[in-house]
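Notes to accompany the following structure.
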Amino acid sequence: MSGEPSAATTPLAAKSPFELRVDLGKGVPETDVRKALATGEIGFLHSFTTGSTVDGPGVRLVAWTAGCMWRCLYCHNPDTWTMTNGIPVTIARATEELRKYRQGLKVMSGGFTLSGGEALMQHRFAVKLLGAARGLGIHTALDTNGYYGDRLSDAELEVADLVLLDLKAWDPERHRRLTGREIGPTLAFARRLAARQRPVWVRFVLVPGWTDDPAEVEGVARFAAGLGNVQRVDVLPFHQMGRFKWKELGLEYKLDHVQPPAPAAVAGACEIFRRAGLDAY
Ligand code: SF4
C-alpha cells in the first residue's frame, strides 16, 4: 500500500447508514487494492456506525466494507459497491476502534457486526478483523449475501459467532433479475453453515411486486426451516431511504415507484416463516 491514505483526515464514523460517502479511497492504485485483497492486512471500509440494534443481538458496532459484486435493485447503499469508495484501513487501526467499544458492547449484550457492501469481497480482511474482535472477547456477526462463502475455510467460519445471511429471493430467475447473480452459491453456503451447525439469522427483504408473492416467501421459508440452524428470520420491509444515492451516483433506479409494503403484508410474510417453524420478526 503506498502510504497510509486519508484515514487520518477522513473520519470513519458515519452519521447514519444513509450518509452518502464516495471516493474516499480515490487515487489508491489498483495494485494496492489487489495487494490488500491478497493479504487482508488492509481493508477498504466505508464507515463505522455505532448503536445499531438491527444488525445482530444487542447493541452493535457495525463496520461497513466497501465493494459488492451484486447489484440488488433495492440496494440502499450503492455507494458501497466500489472498493475505492472505502477508506483503506489497517487491521491495527480497525482493532483500535474495536477496543474503544469493547466494554460498552459487553454491557449492552451486543457485539461487532461486519457488513457491507459485501464483506466477503475482502475475505482475508474480514477473517482477520472478525478474529481481532473475537480476540477482544467481543461477540462477532458476519452479514453476507453468502455468494463468496466458499472463500472461507471451515476453520475460518468459526470467527463469526453468528452469520446474518441475506436470502433475497427463491425463484432463480427472479433472484438473477433482482440481484444480478445466481442464487446457487448462496444456497450452497447456507447448507454448509447448516452442516457445521453455525448459528444463522436469515434476512429477507420484502419488496412489493418482487418478493411479496406468497409462493416466493414460502420457498425461502421452507428452505430456511429445513436447514435446522436458523435461529431467527428478520423480514425487512423495502424502503426508499437509499433512493437519493442512486440519483446522486447517476444510476438508473428501477424501483422509483415501488411503495414500501403495508404493515399487513410484512405481518403476512412473518406468518409464513412462522408456519414453517421459524421465529420471524
Ligand atoms: S448484496 Fe447488499 S450491498 Fe450488495 S447490492 Fe445487494 S443490497 Fe447492495
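Specify the residue that is nearest to the chain's Cα centre (by Cα); the eligible residues are those in the stretch 223-234 that are more than 17 Å from ARG192 (Cα to Cα) and open to solvent by 10 Å² or more (accessible area, probe 1.4 Å).
ASP234
Let's see how each residue does on (1) more than 14 Å from the ligand (Cβ to nearest atom); (2) touching a Pro at 6+ places or on another chain (Cβ under 9 Å):
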site	(1), (2)
VAL127	yes, no
HIS139	yes, yes
GLY149	no, yes
GLU158	yes, no
LEU165	no, no
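Taking the stretch 33-63 only, how many residues are among the small types (Gly, Ala, Ser), closer than 10 Å to THR113 by Cβ and open to solvent by less than 10 Å² (accessible area, probe 1.4 Å)?
Here the count works out to 2.
So if I check each of ALA133, ALA155, ALA188, ALA215, which one is more than 12 Å from the chain's Cα centre (by Cα) and open to solvent by less than 10 Å² (accessible area, probe 1.4 Å)?
Residue meeting the stated conditions: ALA133.
In the stretch 139-151, how many residues are open to solvent by less than 10 Å² (accessible area, probe 1.4 Å) and part of a loop (DSSP other than H, G, I, E, B)?
Adding up the residues that qualify gives 2.
For the stretch 195-212, give me the residue count where each residue is touching a strand residue (DSSP E or B) at 6+ places or on another chain (Cβ under 9 Å) and open to solvent by 20 Å² or more (accessible area, probe 1.4 Å).
Result for the stretch 195-212: 6.
Could you give every pair whose Cβ atoms fall below 7 Å, whose first residue belongs to the stretch 131-158 and is within 28 Å of HIS175 (Cβ to Cβ), and whose second residue is open to solvent by 50 Å² or more (accessible area, probe 1.4 Å) and aromatic (Phe, Trp, Tyr), counting only separations of at least 6 or pairs across chains?
If the second residue must be open to solvent by 50 Å² or more (accessible area, probe 1.4 Å) and aromatic (Phe, Trp, Tyr), no pairs are left.
Yes or no: the stretch 253-266 includes at least one residue that is assigned to a helix (DSSP H, G or I), of a type in the set (D, E, K, R) and open to solvent by less than 60 Å² (accessible area, probe 1.4 Å).
No, the stretch 253-266 contains no residue that is assigned to a helix (DSSP H, G or I), of a type in the set (D, E, K, R) and open to solvent by less than 60 Å² (accessible area, probe 1.4 Å).
Can you name every residue in the stretch 16-37 that is β-branched (Val, Ile, Thr) and either modelled with pLDDT under 75 or in a loop (DSSP other than H, G, I, E, B) (or both)?
Within the stretch 16-37, VAL22, VAL28 meet the criteria.
Report the residue count in the stretch 80-90 for those that are open to solvent by 20 Å² or more (accessible area, probe 1.4 Å) and either in contact with a Pro (Cβ under 8 Å, 6 or more places away or on another chain) or under 13 Å from ALA126 (Cα atoms) (or both).
Residues that pass the stated criteria total 1.
The values are calculated or read from the model by the stated rules, or taken from the named source; none is laboratory data. Just so it is clear, the model here is predicted, and its values are computed rather than measured. In this analysis, Cβ positions are derived from the backbone assuming ideal geometry, glycine residues included, and neighbour counts consider all displayed protein chains. When the accessible area is computed, the model is the full protein with side chains, heavy atoms only, and any ligands, DNA or RNA have been set aside. Shrake-Rupley method; radii C 1.70, N 1.55, O 1.52, S 1.80 Å.
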